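Have a look at the structure below before the remarks.
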Amino acid sequence: MTTTIAGYLLTRLKEIGVDHLFGVPGDFVLGFFNQVLESQVNYVGTCNELNAAYAADGYARIQGVGAFATTYSVGELSAINGIAGAFAENIPVIAITGVPATVNFEQGTLLHHTLGDYRIPLEMFEKVTVAATLLNRPEKAAEEIDRVLYACLDLKKPVYIALPADMVMQPCHAPKPFKFPPKKKSDPAQLKEALEEARQMLNQAKKPILIADDQVIRYGLQKAFAKLLEKTNYPYATMMLGKTVLDEDHPQFIGQYQGIRSRDYLKNRVENADAILILGGVLSDLNTGGFSTHFDPIKTINANIFSTRIKHHVYDRIYLEDFMLGLAQILQKKEKSSLDIHPAIEGCTHRRTMKFHVEKEKKITHARFFDRVSSFIEENAIVIAETGSSLFSASETLMPKNTTFIGQTFYGSIGYTVGATLGAATAAPKRQTLLFVGDGSFQVTCQDLSTMMRYNLNPIIFLINNDGYTIERVIIDNTYNDIASWKYHKLPGVFGDGLGFDVYTEGELEEALKKAAKSDKLCLIEIHTDKMDCSPSLKAAGEAMARSNKLSA
Ligand SMILES: Cc1ncc(C[n+]2csc(CCOP(=O)(O)OP(=O)(O)O)c2C)c(N)n1
Ligand SMILES: [Mg+2]
């Protein structure tokens, strides 16, 4: 049984969970795209390659893996920032590029889109992927495809496949079932010793706390984490990257810890804990309230995906899931009443559990908007928030059950969320998909609003129009933070057949929400807020960034 190289690749993509391929054509990739159209993988055309990469990333965060394809050099290099984001944030994305025929590669023919050395794009992608290949040897193609896809799924990072135009239809043996990466294994002796050390520390503690973060989500370890909670009764906080690790109305969930930017109870509860167990944490600036979190090493167990640090001891071959399940078995259950637990559902910043009285004529403010919208989000929603004032406030909003929260919180490339919304909504068209995006970020990638409408997706987009780059204004303000003023709410009509709403007051917001809730079309709700109106946490972040970038004392 034989197939073609393109056929082999497409069969594999479908097998590992890629039902949709985002892309933009170009002559070198047309042969491959012809095969995509014949395959079981659905093609979704985007307006540009950067958005194709962002869409594949958003898709992967829902579906487990995503892919996009572009043409050589001009196409793929526009997408490289999207792949860099996926690399930084551990998202398995497959970047496929159609490249010139092998003879041109060998001879360096002066073809369009070339840069002299034909390998330049490949070498650039090698820096931001965990495996990259040029399929220039038919007899090796199948093995290479499998090697690269395995690395993508195993390491949860992007990979790169360059497919020369003349290789697309080259014969190739039909694929045998794909060998998925097995579950990671801990070193049994290390695991035993680490569990014993952790047991002593945690059982002795009176006020332990768990912090669940990014890797618990990225590696799908929520079940093990829930078991640990159930068996110990410990309260837990998340950091921004760990948002919605479990349902946020969980009685042990006490909120989003971000150092000095956390509410008082939470800050004190974490910082006065006598034992802190961080699970899958990314201790980056944005995730730690500008490095203002306090995790005293002598009280802290920092369990990462493959290594665990207890006080000053490092165990380098422990898989996080084994560690959590091991602890769930050996830790004593503490009395809930002794643990000082004030659930987020009763205390976090924007939450549906607080009564909201609409003052119809009142000008909407940033905080009142998030207070109101907290009860608009449905269970099982996908909530996407853009770097900027939106991310800070959306992350401080209590989410209903089964919500998936998406933000590029670590890498922070603005414009990401428009593509990511296209990708996430493509992966789960029946889920309520909400995007919170700033005017400045939206201007970077907004064209793909039209792609959402073209493929009948109906996310609701809240566009915060605060007249420019507020997140930059809170660091230091000058005219470079101003942007052209657009009538954003008119774009759904320009780009397709969606609905637009222009909101200045609380009454207008109510009207817009009512209509959007009933609409089966894409809705864009433009929210006008003041230039400097944003959360206290963002203001504090701005001041910290001004200090670290030497812009203020
Ligand atoms: C691709 C990219 N370019 C520039 C930046 C720097 N940057 C970070 S946030 C931001 C402005 C965001 O403005 P907006 O989306 O309007 O958010 P808000 O005003 O609500 O804070 C800029 C320019 C970036 N993070 N990514
Ligand atoms: Mg703005």
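The values are calculated or read from the model by the stated rules, or taken from the named source; none is laboratory data. Being a predicted model, the structure only gives us computed values, none of them experimental. Methodologically, a virtual Cβ is constructed for each residue, glycine included, from the backbone with ideal geometry; neighbour enumeration extends over all protein chains shown. Remember, those area values only see protein heavy atoms, side chains included, never the ligands or the DNA or RNA. Shrake-Rupley method; radii C 1.70, N 1.55, O 1.52, S 1.80 Å.
Of all the residues in the range 233-245, those that are in a loop (DSSP other than H, G, I, E, B) and either closer than 23 Å to Ser375 by Cβ or in the same structural domain as Met399 (by TED's automatic domain parsing) (or both) number 3.
For the range 401-412, filtering for residues that are of a type in the set (S, T, N, Q) and open to solvent by less than 20 Å² (accessible area, probe 1.4 Å) leaves 3. Is the range 480-487 home to any residue that is within 12 Å of ligand 2 (Cβ to nearest atom) and crowded, with 19+ Cβ neighbours inside 10 Å? There is no residue in the range 480-487 that is within 12 Å of ligand 2 (Cβ to nearest atom) and crowded, with 19+ Cβ neighbours inside 10 Å. Of everything listed in (1) among the hydroxyl-bearing types (Ser, Thr, Tyr); (2) open to solvent by 30 Å² or more (accessible area, probe 1.4 Å); (3) without any contact (Cβ under 8 Å) to a residue 60 or more places away in the chain; (4) not assigned by TED's automatic domain parsing to the domain that holds Ser535, the single unmet condition for Ser338 is (3). Within the range 198-216, the presence of a residue that is in a strand (DSSP E or B), out of contact with any Pro (no Cβ under 6 Å at 6 or more places or on another chain), open to solvent by 30 Å² or more (accessible area, probe 1.4 Å) and more than 30 Å from Val383 (Cβ to Cβ) is excluded. As a summary of the residue check, Leu422 satisfies the conditions (1) within 30 Å of Leu551 (Cβ to Cβ); (2) in a helix (DSSP H, G or I); (3) of a type outside the set (Ser, Thr, Tyr); (4) open to solvent by less than 20 Å² (accessible area, probe 1.4 Å) except for the one numbered (1).
Selection over the range 126-148 of residues that are open to solvent by less than 50 Å² (accessible area, probe 1.4 Å) and either hydroxyl-bearing (Ser, Thr, Tyr) or over 20 Å from the mean Cα position of the chain (by Cα) (or both) gives a count of 13. Within the set Thr433, Thr445, Thr470, the sole residue that is closer than 20 Å to Gly45 by Cβ, within 16 Å of ligand 2 (Cβ to nearest atom) and in contact (Cβ under 8 Å) with a residue 40 or more places away in the chain turns out to be Thr445. Taking the listed residues Asn34, Asn51, the one that is part of a helix (DSSP H, G or I) and surrounded by 19 or more Cβ atoms within 10 Å (Cβ to Cβ) is Asn51, with no other qualifying.
Residues considered: Glu248, Glu230. Of these, the only one that is in a loop (DSSP other than H, G, I, E, B), in contact (Cβ under 8 Å) with a residue 60 or more places away in the chain and either at positive phi or not assigned by TED's automatic domain parsing to the domain that holds Thr397 (or both) is Glu248.
Taking Tyr455 as the residue in question, decide whether it is surrounded by fewer than 24 Cβ atoms within 10 Å (Cβ to Cβ), modelled with pLDDT of 95 or more, away from ligand 2 (no atom under 16 Å from the Cβ) and under 24 Å from the mean Cα position of the chain (by Cα). Spell out how you get there, then give the answer.
Details: surrounded by fewer than 24 Cβ atoms within 10 Å (Cβ to Cβ): yes; modelled with pLDDT of 95 or more: yes; away from ligand 2 (no atom under 16 Å from the Cβ): yes; under 24 Å from the mean Cα position of the chain (by Cα): yes.
Against the criterion (surrounded by fewer than 24 Cβ atoms within 10 Å (Cβ to Cβ), modelled with pLDDT of 95 or more, away from ligand 2 (no atom under 16 Å from the Cβ) and under 24 Å from the mean Cα position of the chain (by Cα)), Tyr455 qualifies.
The C-beta contact set for the range 410-427 (first residue within 10 Å of Gly82 (Cβ to Cβ), second residue among the basic types (Lys, Arg) and within 12 Å of ligand 1 (Cβ to nearest atom), distance under 6 angstrom, 6+ apart or interchain) is empty. Number of residues in the range 414-447 that are under 22 Å from Ala512 (Cα atoms) and more than 15 Å from ligand 1 (Cβ to nearest atom) equals 8.
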